[in-house]
Each structure stands twice: as C-alpha cells, then as structure tokens.
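The values are calculated or read from the model by the stated rules, or taken from the named source; none is laboratory data. These figures come from a predicted structure and were not determined experimentally. FYI the Cβ positions are ideal-geometry reconstructions off the backbone, even for glycines, and counts take in every protein chain you see.
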2 protein chains.
Amino acid sequence: MSAPLEGLFVLDLTRVLAGPYCTMILSDLGATVVKVERPEGGDDSRSYTPFQNGVSAYFMSINRGKRSITLNLKDPKAKDLLLPLIRKADILVENFKPGVMERFGLGYDEVSRINPKIIYASGSGYGHWGPYSQKPSYDIIIQGMSGMMSITGEDEDHPIKVGSSIADISTGMFMCIGILAALNRRSVSGKGEHVDLAMLDCMVALLENAVARYVTTGEIPKPIGNNHPSIAPFFTAETRDGKINIGVGNEVLWKRFCGVIGQKELTEDPRFLTNKDRVKHWDQLRPLLEDQIRIKSSKEWLGVFEQAGIPAGPIQNMAQVVQDPQIVARDMMVELIHPTAGNFTVPGSPLKFRNHPAKVEQPAPDLGQHTEEIYQQLCGCSLDEIQTLRAQGVI
Amino acid sequence: MSAPLEGLFVLDLTRVLAGPYCTMILSDLGATVVKVERPEGGDDSRSYTPFQNGVSAYFMSINRGKRSITLNLKDPKAKDLLLPLIRKADILVENFKPGVMERFGLGYDEVSRINPKIIYASGSGYGHWGPYSQKPSYDIIIQGMSGMMSITGEDEDHPIKVGSSIADISTGMFMCIGILAALNRRSVSGKGEHVDLAMLDCMVALLENAVARYVTTGEIPKPIGNNHPSIAPFFTAETRDGKINIGVGNEVLWKRFCGVIGQKELTEDPRFLTNKDRVKHWDQLRPLLEDQIRIKSSKEWLGVFEQAGIPAGPIQNMAQVVQDPQIVARDMMVELIHPTAGNFTVPGSPLKFRNHPAKVEQPAPDLGQHTEEIYQQLCGCSLDEIQTLRAQGVI
C-alpha cells in the first residue's frame, strides 16, 4: 500500500531543525525529499554531538529517508543547476533568514514564475514581514518572547524553557500543515502558494488558554509547576521512591481516589467538596494527600490507581521511554540501519493510517550521497559535467 | 480570495482540547466545521473558568468559527439523524476513548460503509491499539510518560511539565497533518482513510534529539534548565532588573558578545576558546558572564545585543505578548465579537498564506446555535420534527 504523499517531489533547502522536521514528516508520509546541502560540511547539524561511528545522531534522527545532493547556492551557476528540480518540484521548503532566498535568485516570486504550481514554504524566527523580521533568533529566544516560558516552571522567579526545541518543532509541524492545505487547494485550482511561518507566531498559537485567561481577567498567568489552573488534584506526587503524576478530573474520580488512598473522610470535608473548593484550598489539601502517597512506592500506587481507573502515570526517562510497551507496540521506536553509523533507533511517525501507512524505513543520507544520481537523472548533467562542477566547488 | 480548505465539510465530534484544536485549524483554513455537542451543557470546556459575561474564555478561544448543533449520541435515533451529515462530510474528527464511537454505531468501519470517501481522524491518550489503549489519561499523565518531563525543568529532582497542554495541542496538530495528507491521497485515489493519533505517540515525536542522544551514548538526558546541551553561552541571564535569554551560537558571535559585555579577555582564556570548551567549562564561565550582565537593565542589554546582532530576547508575560509589535503586526492577536461575551481576543492563525489566507473572523457558537438551520437544511427535518426531538432530549 502506498503512503499518502507518494509521488510528490520536495525540494528541501532547509537546515538544522524547523525546516528539516517539516520535510521529515513529508518524507515519512511518502514524498520524495531531495535535500540540498552546501558542499563543505553540509547541514550544520551534521556537526552536532553526539556521534555514532562519526555520524551525528541529531542529523540522523531528523533526516531519515531523505536524499542528499550538494550545491553551493551562492555560486552563480547554482540557480541554473536547480532549474530542472524547481520545474519538477511540487513543494519547496526553506528556512533561511528572510531575504536570503531572494539574494540566491530563489525567492517565491522568481520560483513561482518558473513553476506556478509550486507550493513554497518558508520558516524563520519572526517571519517575512513585521518589525522584527530581520532579527536573529534561536529556539530559546522565541520560547521567551512568546510567553511560553512565563507559564512554564515551578514559580514566577524560575521561568523554564520546554526541554525540547518546541519553537522549532511546532514551526516544522505548522509548515507541514500549510503545505498540505495548499496542496489541497492546488488540486482544485491548479495554482501554487507561498506560506510564511514564523516561530514566534507558532509558539503564540500553542499557548492554549493563557491568552484567553489574560484577556478575560486581566490577571497575568504565571508558572504553576505541575499543577492545573482549574483542576485539583492534578499534580506530581512524591511516593516512597520517586514521583508520579495523578489527574483527578471529576467528582466521581475524587471519591474513588480518596477511597483508594484511605482518606474517605476528605470527601466530606467542606474545604474539598467540589473541584472548585479543591482548587481554592489546594495548599491545604496537597500535604494531606502527600502524607498518604509517600507511604507506598510508585509501582504500588500506579497499580492501585490503574485498578481503580484513576488517571495516573510515571515520569519516565528516556531509558524507560524507548522500552515502554505501548510506545513499542505503536512502532514509535524504529530501528534503521545506517551504512556508516550502523543500527540506530529513531522515533517513529505518530501518523497511524489504516490504508496508506507512513513509512520510517530508510536512514539519513551521507552528504551528497545522491548527487550523481540526481544531477544525472533529473538535471541532465553528464558525469564529466558533474566532475567539473565538483572541482569548481559548485557542488 | 478563498481560504485553502473552503468547500470542505467537517463533522466534528470532539470535546475539550486535542480534537477541538484540530478542527479549529481546519476552520481557520476555511473548512465548514459542524460541532456536535450533547444537549445538556455541550462540550465540557463550556464550563471551564474564567468566563466573560458567562461564556467560557477557554471554549471561545478554541472553537472560533465553528457551528454548533446538539445531539445525544447515546440516543438510538442519533445515528439516523447524523446520516445525512456523514454522507456529506469530507472529514470526521472524534476524540472519544477508543471503543466509544463503535458503541454509538459510528466506528470507522460503519461510517466508511456509509461514506467510503470520508477521512476519519481519531485522537486519544494512547491510541486505538496497544496494551494501554483503554487507560484513562490527561495531558500531564502523557507529558510524564512520554519523557518530556524528564528533560524539562531546572534539575533532575524537579521535572516540570510544559505550561500549556502540549500533549493535547500537538495531537491536534498531528491529527490535522494526517487529515490533510489523507485528503491529498483521496484527490488521487478517491478513497477515504482512518488515521489514529495517540497523545503518547505525538509527544514522543516531539522529543527532538533526546532519543537520539540516549540511544547513541547510553546516557539518560536530564533537565538542564534553560541551557543547551551542546551550545554555550545559551542561557537565561539575570540583569539588574529581570531576566533575558541570550544565544551565542557560533565563534563570530562569541567574540562579538565578549566585546559588548566588556570581557574581551575571555576570548583568549584557554577554558573558553571554542564552543566545545565553553560547554565543558560552563559552570566556570556562567558566573563571569553574569557578573557583567547584572550591571545593566534588561532593556539596556537588549538594545546593546540588538545593535551587535547577537540573538537575545526578553521573557515576556502574557500582558507583554498581546501587545508585542511583531505579534500584533503578524495578526497573531485577533479581536472577535461574540454576541454574548462581547469583544474577545484570540490568538490568530500562524498559517500566513500569500494567495489564500487563513481566516479567524467568526466567534465561537452558542450551544446549539445552528441546530435548527442544519437539521432543516442538511438533514431534511421539519421544524415540527426538530421540536419533538428537542422535547425528547435527542437534540
């Protein structure tokens, strides 16, 4: 069975994270992704630690399934070499700073003149317009500016960034949504599209109810650790030997929870009668619950809560995650064989289709692994020409 | 200019967050979304605090632009009433616990027999198969199980959850990617699809390089606060009056950074010569930098760093975010007028298309606001029938 995007051709001019995450999803979905890398060193992330047999684990993880060709986009010959690929491409993805693609002669206006049907997606820190458009950025800068750090952490004095580069990753996901929506429009109109994604915009879109809470109440939301602003108990509890998460989201669960922790009397305490009461008196309730939960081990409590149907779970580290039975059963850890690095585990695709499965099967390419094949077959270059271009440092 | 998904019809059987976030994106993209809510109280999130003139801010934020009809899915008449909408729908989205849609007679197998072209998306905590499939879950439980909490926070003893409900939100985004990819396949094959999304799978897909680092080195990644595992300086610094984020990602920036903070001699200190050295000796470097940065205010430093082209930014709270010039310029704060709640600001769509803009224009519906219109026009019910069904508690 073919994957959902089989037959689509993606010209991938991205580096490091947001753009490559987008083209990773497109590749998992069956599109052919040709990654264009600079001849010297390629994608910056090829140099990111740690390495497995000299190959960057970071690079391998995000670039599985893609093909790699080399090209120095600053060379005057670059655009001509790319022309056949631009004509063939359904999708072009880039995450240069705004203005750089224009300097290469590869801005949307020029590219869409060559191929009016192309879907062209740009990702950058602040987007292609607006007063900050030319500012440099990194994931942490955007996490801070977007407000995400102001609601993450134990308290107001310790704003914390999300442990993964969520500003980059969410931008990659929204790039993918924009591309697929534009493809759908193209299937009706026959026309291409440019979609411009800013990491800052994408993070604002992930804030959930923080904006709503602020504009409604005028109160500035603060970090509240692992608690919930409007549900209690909903927290990380200390057990005899560790920590577990517990979510008691309604009155039925509350009564059951008090029963299994041997604190039935709490259900009649006027301070804790309804969820609203419990949120209000959480500072008084929490120590009473923790006194009980500290008595047994995490494993014992998780067994008790599972039996009682109370949502609870461990705080798993990466060693536990890679062998979690559900994660394994859902093919979320896939072992690939890289010709140089050897066996290497990557997260699978969360897109579980019944009829046209996503595919995580091929390892990341070596730098320029498909240069000859693609320049010969798709760009009409002879082997001689390829050798000359390589000697000149163009590819 | 029409939006990218204009003309598509979405039957929305979702509640609270992951599913509604998905259908919000589809609605922003121009699809017609008909939200089916239970007659008594509707979507649970209609009762979530805070309220503006009695309308939940949470609900209004995530459900802008949708239409609402009421229906008791447990009633034996429900399926027949839905039939015309199922036949008409391009997309059905649901986020019930696995098995519930089947009990309603609305599982994928039955629905696809009625409409073989339908794209049917399911979202749940653990997905429709695997050993945990029937377990209850909440966002915090999934954040803990997925490993995300094990890499977020100041240190190993204080794992922290992401401040927004990122497990729900990322699942909504992946649901949207799955739906759009399947639509693309349908435009070729004419056939529908079922895509099954698990919050746990989606969070594993967001871990970025944590899996890669663990499988390569065998070392378990830990929370490292606002630092970067392989770049330094890349941190939150204390200024005279607050905190700012600074990212010094390469050697050119490092030299410039030392210059502007008046510490040129650091560039010649053998402990800090290369990025690798700085990561290794970060505990020694950090206090030296902080001594300097503590001298000026956040505003002064951000001006200095901007001038020098060094990536830096404030940690903005929600009051600052809603009036940030870039966020405002990019239409990321949109004021809607709700008939009951009045003026209400919601985050805009980060999908900035050049030709077919996404649209955030209409407020969230009142419960059942479109019941009569849709049952009459699309389901062929008379006003008499609608009154009878309402009296019977079916709608």
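Key figures
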| read-out | value |
| --- | --- |
| Qualifying residue in region B:212-233 (condition: among the hydrophobic types (A, V, I, L, M, F, W, C), buried (at least 23 other Cβ atoms within 10 Å of the Cβ), in contact with a Cys (Cβ under 9 Å, 6 or more places away or on another chain) and more than 7 Å from chain A (Cβ to nearest Cβ)) | no |
| Condition broken by A:SER124, with the remaining ones in (1) surrounded by 24 or more Cβ atoms within 10 Å (Cβ to Cβ); (2) within 7 Å of another protein chain (Cβ to nearest Cβ) satisfied | (2) |
| Of all residues making up region B:138-189, the number that are at pLDDT below 95 and either in contact with a Lys or Arg (Cβ under 7 Å, 6 or more places away or on another chain) or not assigned by TED's automatic domain parsing to the domain that holds B:LYS88 (or both) | 1 |
| Considering residues of region A:325-361 that are of a type in the set (D, E, K, R) and more than 7 Å from every other protein chain (Cβ to nearest Cβ) only, the residue farthest from A:LEU5 (Cα to Cα) | A:GLU335 |
| Residue under evaluation A:GLY163, criteria (1) within 25 Å of B:ILE244 (Cβ to Cβ); (2) within 17 Å of the chain's Cα centre (by Cα); (3) more than 7 Å from every other protein chain (Cβ to nearest Cβ), criterion not met | (3) |
| Restricting region A:40-49 to residues that are surrounded by 18 or more Cβ atoms within 10 Å (Cβ to Cβ) and not small (Gly, Ala, Ser), the residue that is nearest to the other protein chains (Cβ to nearest Cβ) | A:TYR48 |
| Lone unmet requirement of (1) surrounded by fewer than 22 Cβ atoms within 10 Å (Cβ to Cβ); (2) within 12 Å of chain A (Cβ to nearest Cβ) for B:ARG87 | (2) |
| Tabulated pairs, region A:113-137, first of a type in the set (Val, Ile, Thr), second in a loop (DSSP other than H, G, I, E, B), C-beta under 9 angstrom, 6+ apart or interchain | A:ILE118/A:ALA89; A:ILE118/A:ASP90; A:ILE118/A:GLY192; A:ILE119/A:ALA89; A:ILE119/A:ASP90; A:ILE119/A:GLY192 |
| Qualifying residues in region A:167-180 (those that are facing chain B (nearest Cβ under 7 Å) and within 23 Å of A:SER133 (Cβ to Cβ)) - the one surrounded by the fewest Cβ atoms within 10 Å (Cβ to Cβ) | A:ILE169 |
| Qualifying position, being surrounded by 17 or more Cβ atoms within 10 Å (Cβ to Cβ), in contact (Cβ under 8 Å) with a residue 12 or more places away in the chain, in contact with a His (Cβ under 7 Å, 6 or more places away or on another chain) and closer than 29 Å to B:ASP43 by Cβ, among B:PRO363, B:PRO357 | B:PRO363 |
| Unique match (being more than 11 Å from every other protein chain (Cβ to nearest Cβ), surrounded by fewer than 17 Cβ atoms within 10 Å (Cβ to Cβ) and not charged (D, E, K, R)) among A:GLY54, A:GLY65 | A:GLY54 |
| Residue selected from region A:100-121 under the condition more than 24 Å from A:ILE25 (Cα to Cα) and surrounded by 14 or more Cβ atoms within 10 Å (Cβ to Cβ), by the criterion nearest to the chain's Cα centre (by Cα) | A:VAL100 |
| From the options A:ILE231, A:ILE224, A:ILE160, A:ILE142, residue that is of a type outside the set (Lys, Arg) and closer than 20 Å to B:PRO350 by Cα | A:ILE142 |
| Within region B:323-360, tally of residues that are under 26 Å from A:GLY192 (Cβ atoms), of a type in the set (A, V, I, L, M) and assigned to a loop (DSSP other than H, G, I, E, B) | 4 |
| Of residues in region A:181-201 being within 17 Å of A:ALA89 (Cβ to Cβ), more than 7 Å from every other protein chain (Cβ to nearest Cβ) and in contact with a strand residue (DSSP E or B) (Cβ under 9 Å, 6 or more places away or on another chain), the one surrounded by the fewest Cβ atoms within 10 Å (Cβ to Cβ) | A:ARG186 |
| Selection from region B:32-61 of residues that are of a type in the set (Gly, Ala, Ser) and in contact with a Ser or Thr (Cβ under 8 Å, 6 or more places away or on another chain) | B:GLY41, B:GLY42, B:SER45, B:SER47, B:GLY54, B:SER56, B:ALA57 |
| Test result for A:ASP384, surrounded by fewer than 19 Cβ atoms within 10 Å (Cβ to Cβ), under 28 Å from the mean Cα position of the chain (by Cα) and either within 30 Å of B:TYR120 (Cβ to Cβ) or at pLDDT 95 or above (or both) | no |
| Selection from region B:266-311 of residues that are away from chain A (no Cβ under 14 Å), over 14 Å from B:PRO233 (Cα atoms) and not in a helix (DSSP H, G or I) | B:ASP269, B:ARG294, B:ILE295, B:LYS296, B:SER297 |
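So that you can scan it fast, the table gives a plain yes or no per residue for (1) more than 19 Å from A:SER230 (Cα to Cα); (2) surrounded by 14 or more Cβ atoms within 10 Å (Cβ to Cβ); (3) polar (S, T, N, Q):
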residue	(1), (2), (3)
A:ARG256	yes, yes, no
A:VAL260	yes, yes, no
A:LYS264	yes, no, no
A:ARG271	no, no, no
A:LYS280	no, yes, no
A:GLN292	yes, yes, yes
A:ILE295	yes, no, no
A:PHE305	yes, yes, no
